[in-house]
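Just so you know, all these numbers are worked out from the coordinates, no wet-lab data involved. Please read all numbers here as calculations on a predicted model, not as lab measurements. For neighbour counting, all protein chains shown are included, and Cβ atoms are generated from backbone atoms with ideal geometry for every residue, glycine included.
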Ligand SMILES: *Cc1c(COP(=O)(O)O)cnc(C)c1O
């Protein structure tokens with residue numbers, strides 16, 4: 001036997017059909033099951049095997065998947081999952097993943113149709129936010145990587161080619177983001193060799209938006225001190241509360257000051273698909289670069305982040321190399337330059353574009369925009385319910401799809417109590433919200449990202465929470 005393909009394909013075909021049926025059944029019936037359940041120790045231990053020496057039947061491995069992995073997945077496809085910012089995925093996205101794996105395309109470069117599809121998807125992304133058709137970009141793992149790429153492109157654009165040879169040391173480069181910026185911005189400064197101290201965190205106003213006057217003052221101070229401001233990361237949809245910075249004002253300031261205007265729109269950029277919400281993101285179309293995720297609010301299966309860069313040459317300048325074994329030719333399979341590997345750090349890359357293309361194609365911008373509106377309506381329903389409940393209080397405004405609130409009585413230490421109640425909710429399998437800190441107070445945070453979440457689901461979460469709070473209040477030792 002030489003290759004790994006079977007001699008008789010019938011068993012594999014039958015197994016494939018079974019897997020497909022099971023996974024579609026699961027999507028259809030998941031709402032009847034707990035959102036999340038803890039993985040028992042035996043199940044955990046049963047996965048810790050040593051490297052298999054002998055072959056085994058894939059049907060047996062599939063049994064393990066069904067018995068030991070599926071029941072203990074995180075639950076983010078479930079309608080009552082509201083934690084962090086997780087997409088719910090779709091059946092169509094799942095099928096696209098299978099097709100992509102079947103083709104096993106490598107989108108690092110070369111001349112093939114999958115690369116053309118990625119270029120199409122990047123064009124759609126630019127169109128979605130109103131950036132020019134000439135916008136360059138890449139599908140990447142997520143917004144963490146997309147923000148990192150933006151920073152590296154901006155760094156190269158600010159300093160010139162020398163920075164790629166000599167590094168960033170001693171150049172006094174500094175950048176800015178709101179105090180509510182996602183942690184991956186600071187990490188990008190760290191990984192880019194600039195150091196997190198080179199990122200100035202600008203105070204936010206009472207609506208948790210970066211204060212443009214404070215930004216201007218910080219830039220002026222740094223210039224005064226002989227430093228070199230080069231980069232501003234505005235946020236469109238902050239991870240804590242969904243706040244959207246004043247993108248038009250910050251963009252205008254950046255242009256006037258010669259600073260790179262980056263927008264982290266990880267989930268918020270999708271609000272551009274809603275005619276009612278789009279005006280709140282006015283100015284996003286002026287970004288020099290935009291990071292966002294298709295795997296969050298656009299419901300494409302993980303992973304599918306996106307970086308858009310207005311000036312494609314600037315993006316290539318930051319990453320392209322000339323290497324003998326990657327020579328670009330005028331014809332043949334090695335044609336079709338520039339290649340995606342010229343635009344980011346990855347050489348081998350999967351066919352993420354297919355699941356994005358199939359998801360956007362299936363639902364269209366209109367239907368996805370309605371879904372975004374629906375999620376915000378569900379969030380407003382939850383906020384209104386919180387305000388009606390005597391035991392609950394809202395801790396932040398609800399500009400988009402995130403609701404931060406807490407139980408206001410039942411313990412001296414409310415931070416502790418609310419943290420415990422969230423864990424209780426998880427373990428009861430009722431709902432999975434997460435927590436954050438708002439103004440120094442522990443908040444229960446429900447992000448309505450999953451397209452399956454309805455008003456009934458958020459009400460079930462609140463009912464469960466109040467029941468668990470009551471049980472704790474009347475339980476032993478309280
Ligand atoms: C989720 C998120 C990120 C990080 O994106 P990943 O896709 O998880 O890497 C960055 N910024 C914001 C505002 C986010 O919500």
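With a Förster radius of 51 Å applied to the beta-carbon distance between residue 423 and residue 330, the computed FRET efficiency rounds to 0.25. In terms of Cα atoms, the Rg and Dmax of the chain work out to 24.1, 77 Å.
Placing pseudo-labels 7 Å out from each Cα toward the beta carbon at residue 362 and residue 9 gives an inter-label distance of 2.4 nm. For the peptides 104-114, 440-450, 224-234, the ranking by packing is 440-450, 224-234, 104-114, with the highest mean count of neighbouring Cβ atoms within 10 Å listed first.
I need the shape label for region 62-176. Rule: rounded when a/c is under 1.5, else prolate if a/b > b/c, else oblate, with a, b, c from the alpha carbon gyration tensor. Here region 62-176 falls in the prolate category.
Rounded to 0.05, the FRET efficiency of the residue 466 and residue 377 pair, given R0 = 25 Å and the Cβ-Cβ distance, is 0.65. By DSSP, the beta bridges lying fully in the chain are antiparallel in about 55 percent of cases. Among 427-434, 315-322, sorting by the average number of other beta carbon atoms lying within 10 angstrom of each residue, highest first, gives 427-434, 315-322.
Taking the number of Cβ atoms within 10 Å of each Cβ as an exposure proxy, the fewest-first ranking of 8, 373, 457, 25 is 8, 25, 373, 457. Normalised by residue number, the volume inside the convex hull of the Cα atoms of region 145-216 is 90 Å³ per residue.
Distance from the C-alpha centroid of region 93-142 to that of region 163-226: 31 Å, rounded to the whole angstrom.
In the chain, helical runs assigned H by DSSP with n ≥ 4 each contribute -39500 (n - 2.57); averaged across all residues and rounded to the nearest 500, the mean residue ellipticity at 222 nm is -13500 deg cm²/dmol.
Using alpha carbons only, how many angstrom separate the centre of region 406-476 from the centre of region 299-364? Computed from Cα coordinates, the inter-centre distance equals 42 Å. If you sort the three axes of the alpha carbon gyration tensor as a ≥ b ≥ c, you get a/c of 1.5 or more for region 106-350 and a/b no higher than b/c, which makes it oblate.
Here the contact order of the chain, divided by its residue count and restricted to Cα pairs under 8 Å and six or more residues apart, works out to 22 percent.
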